[in-house]
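Everything on this sheet refers to the single structure shown next.
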Amino acid sequence: MVISKRGLVLSATAVVLTTVAVTGAGLRLSQSQAFFEESPKELVDEVWQIINRTYVDATFNQVDWQKVRNDYLNRSYKDKEEAYEAIREMLKQLGDPYTRFMDPDEFRNMQIDTSGELTGVGIQITKDEEKNQLLVVSPIEDTPAYEAGILAQDIIVKIDGKSTDGMSLEDAVKMIRGKVGTQVTLTIRRDNQEINYPLTRKLIEIHPVRARAEDTKIGKVGYIRLNQFSSQAGQEMRDAIGELESQNVKGYILDLRSNPGGLLYSSVEIARMWIDDGLIVSTVDRKGVTERQQANHNAISNKPLVVLVDGGSASASEILSGALQDHKRAVIVGTKTFGKGLVQSVRGLGDGSGLAVTIAKYLTPTGRDINKEGIKPDIEVNLTDDDRKNLQQDRNKIGTFDDPQFVKAFEILSQEVAKSPSTHTSVNQ
């Protein structure tokens, strides 16, 4: 998930993966809420108008959007629940899983998540519309789902025994979430096998950065694992690099595997710690208007850098790894990333509900559109089934020499350090 600095986070425990920029702050006054209670048709039209003004695809998925408006405004709605159902039906015609309506409870839960009081099992999910499947984008580190062994790209086929066939993303999120201490069972399909995972919901505290200096045959190497681009990630990353620089590390391995994304400004802030000059990311709306985020000549270190990615590295992870790859600032190792390059706007509606709308796409510095394509690593390293099981059974092996992808990253880093061992120094401390 990616979000602008002014934005609201779409649930950090179980939610559609998304890139977000908020364009309407907060909810309206109770008078407005009362108005929409009495006139649910007005809410349908408000949603239609927002899509009409801002949706990234000016063809609206080849749908006659004006005809859609006429159709839905000619209907009668006896209450807001009927209006909600009509809105979801209307949005479905866009064929975009990231453009979605949230009823007041769902929107309120999203705002609660923003406060950092996260409860759930610790996964981020999306809906594969083509296959009509609920897909795990990534488990969040040190959460029930992560510790149980749920993996990126797992398919959720049942929730508490109920089939997810045809289930909306919103309904799945409602079923997965719940009070701390209660249990939910997810049935996962992986490699044509179905596995039941009974999970106990808990309050989830996310510490985005973990770092250490690893003593190796080439000297000390800095290992940094970033598991989410939260509001704290930038400062924690800055502190980690500063501490590792003080230990005179030779270079860095930055681990973005299974990092589902987070805040857009956080990804840009962290990119600026490694890239001293040039474009980091650009976003383009349907009118071709481009907003560019640049480096600001404040990089902390120019020492060799290797970045680890996989299929669970998404959105903000792809912004960062794509920028580092395009600038040839780092060697990317692992497997192809998730492929999420769309930007959403999230806003409150008149009755306390909310709307996320895809308003733009983002491009890497060289202009690559990675949506559905992902970032291809410079050096591909796949894990075998035995490797996965080994790491799944002992998570402490991740990011160590028992981790084959880490081993390859270290091998590449050693080569990079050997090329110019005396020219890489810390900068802008």
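Every read-out reported here was derived from the displayed coordinates using simple, explicitly stated rules and does not represent laboratory data. It should be emphasised that the depicted structure is a prediction, and the values quoted were computed from it without experimental measurement. Counting neighbours? That spans all protein chains shown, and the Cβs are built from the backbone with ideal geometry, glycine included.
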**Request:** Count neighbours as other Cβ atoms within 10 Å of each site's Cβ, and list the chymotrypsin sites (Phe, Trp or Tyr not before Pro) in the stretch 335-407 that are DSSP loop with at most 15 such neighbours.
**Result:** F401
**Item:** MRE, 222 nm, helices only [DSSP H, n ≥ 4, -39500 (n - 2.57), over the chain, to nearest 500]
**Value:** -9000 deg cm²/dmol
**³J(HN,Hα), Karplus 6.51/-1.76/1.60, whole Hz, each residue of the stretch 179-194, x for Gly, Pro** = 6, 4, x, 7, 10, 9, 10, 9, 9, 10, 9, 9, 6, 6, 10, 10
**Message:** Could you identify which residue out of I370, I398, I155 has the top mean-square fluctuation in a GNM of the chain using Cα springs shorter than 10 Å?
**Reply:** I398
**Fill in**
Here the gain from full extension of K287 to E194, 0.36 nm per residue of separation minus their alpha-carbon distance, amounts to 28.9 nm
**Request:** Take the alpha carbon gyration tensor of the stretch 356-422, find the square roots of its eigenvalues, order them as a ≥ b ≥ c, and report rounded if a/c is under 1.5; if not, report prolate when a/b exceeds b/c, else oblate.
**Result:** oblate
**Prompt:** Going by the alpha-carbon gyration tensor, a ≥ b ≥ c the square roots of its eigenvalues, is the stretch 254-387 rounded (a/c under 1.5) or, if a/c is not under 1.5, prolate (a/b greater than b/c) versus oblate?
**Reply:** oblate
**Asked** According to the square roots a ≥ b ≥ c of the eigenvalues of the Cα gyration tensor, what is the shape class of the chain, taking rounded for a/c under 1.5, prolate for a/b larger than b/c otherwise, and oblate for the remainder?
**Response** prolate
**Under 5 Å, built H, 5+ apart or other chain: amide partners of S138** = Q124
**Request:** Please report V417, V221 as a ranked list, fewest other C-beta atoms within 10 angstrom at the top and most at the bottom.
**Result:** V417, V221
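Rounded to the nearest 0.05, what FRET efficiency do R88 and S246 give with R0 = 45 Å and r taken as the Cβ-Cβ distance? Could you check?
Rounded to the nearest 0.05, the efficiency is 0.25.
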**Request:** Only bridges with both residues in the chain count here: give the DSSP antiparallel percent, nearest 5.
**Result:** 75 percent
**Prompt:** Given H placed on each backbone N at 1.01 Å, which residues far from V281 in sequence or on other chains put an amide H within less than 5 Å of it?
**Reply:** Q293
**Asked** Which pairs in the list K92/K361; K336/K408; K328/K397; K131/K408; K92/K340; K131/K162 are over 22 Å apart, alpha-carbon to alpha-carbon?
**Response** K328/K397; K131/K408
**Asked** Quick one: Karplus J couplings for the stretch 145-155, per residue in order, coefficients 6.51, -1.76, 1.60, θ = phi - 60°, nearest Hz, x for Gly and Pro?
**Response** 5, 5, 5, 6, x, 5, 10, 4, 6, 4, 9
**Prompt:** So, in nm, how far is label N396 from label D45 when the simple model puts each one 7 Å beyond its Cα toward the Cβ?
**Reply:** 6.4 nm
**Message:** So for each of 263-274, 63-74, 228-239 I average, over its residues, the number of other beta carbons within 10 Å; can you give me the resulting order with the highest mean first?
**Reply:** 263-274, 228-239, 63-74
**Request:** Give me the distance in nm between label points sitting 7 Å out from Cα along the Cα-to-Cβ direction at N61 and S168, one decimal.
**Result:** 1.3 nm
